[in-house]
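Colleague: Starting off with a structure, shown below.
The values are calculated or read from the model by the stated rules, or taken from the named source; none is laboratory data. The structure presented is a predicted model; accordingly, all values stated were derived computationally and were not measured. Ideal geometry is used to build each Cβ from the backbone, glycine not excepted, and the neighbour counts take in all protein chains shown. Keep in mind that these areas ignore ligands, DNA and RNA; they rest on the heavy atoms of the full protein, side chains included. Shrake-Rupley method; radii C 1.70, N 1.55, O 1.52, S 1.80 Å.
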Amino acid sequence: MDKKIIQKLNNYTEKYLEYKKWLKKESAHYVFYYLKNTKAENDINKILKCQERAFKKIVGFLKVKASKHKIRYFLYPSENLKEKLMGDNGYAQSIYHNKTIHVVYTRGINPLGEHEDTHILSLPLGLSIGFFQEGLAEYMSSQRLWRGKKPEFWIKEGLKKEIIPNFKSMLSHTNWTKLPDKYMPYYYISAASFVEFLIIRFGKKNFILLYKKLNRKNSLKENTKVFNDLYKTPIRSLQKEWQNKVKM
């Protein structure tokens, strides 16, 4: 991986590497770690097939060369154990430097599929700004449900309640990081929908080029210029066009 790609990790720990209770199962591109008498153990063959399908889809879409190192998946039976072993109790995180993915997997929580894998597998393209990095990962997740609701619900309600952000402001990575966590589904899903819109409108090749050129260290003005130079249309105009399309 490019040494210039640095991931900010709060409270991250690698106690999971020393944990002695893991069971292990490998597939062509993954190593899965899970615990005895858990839902992950019961579903491990289904999980394996799910992620291998995701891997094939992502690599095929992005046209990136897969790393020789397998992605390691750690499947936790609770948020508390996940926080104890890797420092964060969120449902899912990908760690770039060692290509590990950490998820809580229970009867009520199942954040598997393409999202976290896209973060790892897209690294050869560079680390784009958050709006498009999360947008691409969620776009690759193909209409997955959030809290039991389809993406259309979050987009239409977000527009109605004016929660959807100004996309131009999201060209600043700093502005993206300042968005409140409580509205995360609206942000991620609207970003994914806009990624889809750009790909359909201008083609995948142009989106991948945009993804590569946008820089987290750039100012809003600098990233806006990158966007405008590539698409020849202001992002505000394209957001209005996108809004009219999703309202239909």
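Colleague: Going highest first, how would you order 79-89, 177-187 by mean Cβ packing within 10 Å?
Modeller: Output ranking for 79-89, 177-187: 79-89, 177-187.
Colleague: Using the crude model of +1 on Lys and Arg Cβ and -1 on Asp and Glu Cβ, and no other charge, please compute the dipole size for the chain relative to its Cα centre, in debye to 20.
Modeller: 420 debye
Colleague: If you take every DSSP beta bridge whose two residues both sit in the chain, what share of them, in percent to the nearest 5, is antiparallel?
Modeller: Of the beta bridges lying entirely in the chain, close to 50 percent run antiparallel.
Colleague: Further question: Tell me, what is the percent relative contact order of the chain, built from C-alpha pairs under 8 Å that lie six or more residues apart?
Modeller: 16 percent
Colleague: With N set to the residue count of the range 11-51, report its C-alpha Rg divided by 2.2 N^0.38 Å to two decimal places.
Modeller: Ratio of Rg to 2.2 N^0.38 Å for the range 11-51: 1.26.
Colleague: Output needed: percent of Cα pairs per 5 Å distance bin for the range 144-199, bins running from 0 to the one holding the longest distance.
Modeller: P(r) over the range 144-199, rounded to whole percents: 4, 19, 30, 28, 14, 4, 0.
Colleague: Among 158, 207, 97, pick out the residue whose Cα is farthest towards the positive end of the charge dipole of the chain, where Lys and Arg carry +1 and Asp and Glu carry -1 on C-beta, about the Cα centre.
Modeller: Sorting the options by dipole projection puts first 207.
Colleague: List, in order, the whole-Hz ³J(HN,Hα) value for each residue of the range 5-22 obtained from phi through the Karplus relation with A = 6.51, B = -1.76, C = 1.60 and θ = phi - 60°; use x for Gly and Pro.
Modeller: 7, 10, 9, 7, 10, 8, 6, 5, 9, 10, 5, 4, 6, 9, 5, 8, 8, 5
Colleague: Counting each pair of different Cα atoms once, what's the Kirkwood radius of the chain in Å, rounded to one decimal?
Modeller: 19.0 Å
Colleague: Moving to a separate point now. Could you tally the net charge around residue 229, taking each other residue with its Cβ under 13 Å from the Cβ of residue 229, Lys/Arg +1 and Asp/Glu -1?
Modeller: +3
Colleague: Which whole-number value in Å² is the accessible area per residue of the range 180-248, probe 1.4 Å?
Modeller: That works out to 58 Å² per residue.
Colleague: What pairs from 15/49; 56/225; 156/213; 63/182; 168/204 go past 23 Å between their alpha carbons?
Modeller: Among 15/49; 56/225; 156/213; 63/182; 168/204, the Cα-Cα distance tops 23 Å for 15/49; 56/225; 156/213; 63/182.
Colleague: Just round it to a whole percent: the fraction of Cα-Cα distances in the range 98-211 exceeding 25 Å.
Modeller: 21 percent
Colleague: Placing +1 at every Lys and Arg Cβ and -1 at every Asp and Glu Cβ, with all other atoms neutral, what dipole size does the range 183-238 have around its Cα centre, in debye to the nearest 20?
Modeller: 220 debye
Colleague: Could you work out, for the range 22-140, what percent of all Cα-Cα pairs fall into each 10 Å distance bin, beginning at 0 Å and stopping at the bin that holds the largest distance?
Modeller: 13, 48, 32, 6
Colleague: What does the net charge come to around residue 202 if you take all other residues with beta carbon closer than 12 Å to its beta carbon, with K and R at +1 and D and E at -1?
Modeller: Net of charged neighbours comes to +2.
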